[in-house]
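All remarks here apply to the structure that follows.
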Amino acid sequence: MADERRQEEARAMGYERRDLDPRSIALFAAGLAVVIGLAAGAVTVFQTYSGSRYLRRQAARPPLTVTRESTEPRLQVNGPAELRTIREGEERTLSSYAWVDPQSETVRIPIERAISILAQKGLPARQEQAARPPASGNRSQRKDDERR
């Protein structure tokens with residue numbers, strides 16, 4: 001009989017009261033909002049503190065200096081012509097005589113001349129060591145000697 005009465009009350013109210021109380025749901029939502037707000041505040045305070053601590057530990061930046069150099073970007077105007085100029089300079093270096101270091105008497109010679117000198121003299125090679133006789137402590141040789 002009590003169950004029937006509760007069911008009628010629930011139908012009259014439009015919902016069943018014994019499952020969840022609307023007041024407890026509202027309190028839970030308010031508490032959750034407070035916790036989220038406190039967490040956001042704690043994160044903000046921590047970031048502010050750690051950010052200022054980080055800035056204090058950084059080395060001071062040098063003051064800006066004024067230079068006469070152009071601040072606009074240097075763009076390559078004519079790539080093929082610039083490459084040709086670089087290669088011509090390299091070719092002049094490879095095909096001419098010049099002092100590399102006069103004090104130590106180091107000279108640069110043309111690459112073609114260096115190749116012909118190297119072809120005449122040959123590359124330095126390691127000298128072959130005379131074949132060494134096997135060590136007397138070799139076990140396999142001892143066994144062969146004993147068998148004979």
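The values are calculated or read from the model by the stated rules, or taken from the named source; none is laboratory data. Just so it is clear, the model here is predicted, and its values are computed rather than measured.
When Ala114 is tested against (1) more than 37 Å from the chain's Cα centre (by Cα); (2) assigned to a helix (DSSP H, G or I); (3) modelled with pLDDT under 90, exactly one condition is not met: (3). Criterion applied to Glu128, Glu105, Glu82 was being under 41 Å from the mean Cα position of the chain (by Cα) and of a type in the set (Asp, Glu), and the one residue passing it is Glu82.
Within segment 90-105, can one find any residue that is β-branched (Val, Ile, Thr) and assigned to a loop (DSSP other than H, G, I, E, B)? There is no residue in segment 90-105 that is β-branched (Val, Ile, Thr) and assigned to a loop (DSSP other than H, G, I, E, B).
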